[in-house]
1. Any residue that is surrounded by fewer than 23 Cβ atoms within 10 Å (Cβ to Cβ), under 23 Å from Glu157 (Cβ atoms), of a type in the set (S, T, N, Q) and modelled with pLDDT of 85 or more - is there at least one of those in segment 44-62?
2. Being under 20 Å from Leu293 (Cβ atoms) and crowded, with 18+ Cβ neighbours inside 10 Å is the filter; apply it to segment 209-222 and report the residue that is farthest from the chain's Cα centre (by Cα).
3. For segment 61-81, state whether one or more residues are of a type in the set (S, T, N, Q), out of contact with any Lys or Arg (no Cβ under 7 Å at 6 or more places or on another chain) and more than 20 Å from Thr138 (Cβ to Cβ).
4. Report, by residue number, each residue of segment 65-92 that is under 29 Å from Leu13 (Cβ atoms), touching a residue at least 24 places away in the same chain (Cβ under 8 Å) and exposed (fewer than 15 other Cβ atoms within 10 Å of the Cβ).
5. Inside segment 178-218, can you point out the residues that are outside any helix (DSSP H, G or I) and more than 16 Å from Thr284 (Cα to Cα)?
6. Checking the conditions here, which among Arg152, Arg163 is closer than 29 Å to Ile190 by Cα and modelled with pLDDT of 90 or more?
7. Show the residue pairs that are 6+ apart or on different chains and have beta-carbon atoms under 7 Å apart, the first residue being within segment 183-195 and within 13 Å of Glu155 (Cβ to Cβ), the second being assigned to a loop (DSSP other than H, G, I, E, B).
8. Report the residue count in segment 96-122 for those that are at pLDDT 95 or above and of a type outside the set (A, V, I, L, M).
Amino acid sequence: MSVMDALRRRAALSLEVFPPKTDAGMEKLCGSVLPQLYTLRPDSISCTYSPGGSDAGKNLAVLDAIRSEGCCAPVTHFPCVGNTKESASRQLQAYLDHGIRHILALRGDSSSLRADSDFPSAPALVDFIRREFGGAFTIAVAGAPEGLPDSRPLEAEIELLKRKQDSGADYIITRLCWDIDAFRYWLDAIRASGIQLPVEAGILPILDQAETVGEVLSHSSAIPESLCRIIAKNWILPNPFVKDPFDADVERKKADFRKAGLEYTVNQIHAYQACGVGGIHLRTRNRYEDAALIVRESGIRNAP
């Protein structure tokens, strides 16, 4: 089943993994983690792809493993950064030759854009794929409910998303957004602008304090007051202003954060579903247990 079929038939579930740097990590992902993730009955599993293609071989190996099982659609990330028309055409044909027919077309990190790239923006990449390959690929594009860290106004970001649709995109996967009010405003705004593509809401499970804070900083995301309270209440970093700066209650705080973060994530998923999104896109960080916990508790699927 294609992702578009899933989005039309039911609330879709997509999972995201990344290609590990080591052979041992690859063996674990393809040999044990992916088979476990299939039990969650996702409609697709996407694999990230670094700008410049430094992990292109491992990206394709992961996608081959997903395709060979036939449990769900494999989706590759594909950035503008570092790609010429020639290199993009060659790599995209390689994906087709391997049976990979779903792609997430991305701009990539703007700070990494190089003069040798033929694609100044994601709409240009989408347009190229459609002109060169017709309908061979189902194309997802990124949506940014809070705009992007390069300070472009949200209106400009919505106009860019409109250009992606007009260039031939099929559906949207959003960047992380913990502010549900901002998400609702963005969703209403894109619909008012004429963007009718199905939307999968991007979700990062809030189960680890350090990962959550790191994602907030790297994505310049707004933190709602309720999430701030969870982070502050269970803060673990050493306090340099006390006699003994080390926190003796670390394990309890980790457990409390995980419990509160799970509830927050489940409520977030339910709020997105209430907005009418077509599906949930869950970042797994290559960890089955965390993904299964979120899927089960949120009711997206009857997880084992």
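1. Within segment 44-62, one or more residues are surrounded by fewer than 23 Cβ atoms within 10 Å (Cβ to Cβ), under 23 Å from Glu157 (Cβ atoms), of a type in the set (S, T, N, Q) and modelled with pLDDT of 85 or more.
2. Only one residue fits best here, namely Gln209.
3. no
4. Glu69
5. Of everything in segment 178-218, those that are outside any helix (DSSP H, G or I) and more than 16 Å from Thr284 (Cα to Cα) turn out to be Trp178, Asp179, Ser193, Gly194, Ile195, Gln196, Leu197, Pro198, Val199.
6. Being closer than 29 Å to Ile190 by Cα and modelled with pLDDT of 90 or more holds for just one of Arg152, Arg163, which is Arg163.
7. Trp186/Pro145
8. Residues that pass the stated criteria total 5.
The values are calculated or read from the model by the stated rules, or taken from the named source; none is laboratory data. Quick caveat: nothing in here was measured; it's all calculated off a predicted structure. Backbone-built Cβ (ideal geometry, glycine too); neighbour counts: all protein chains shown.
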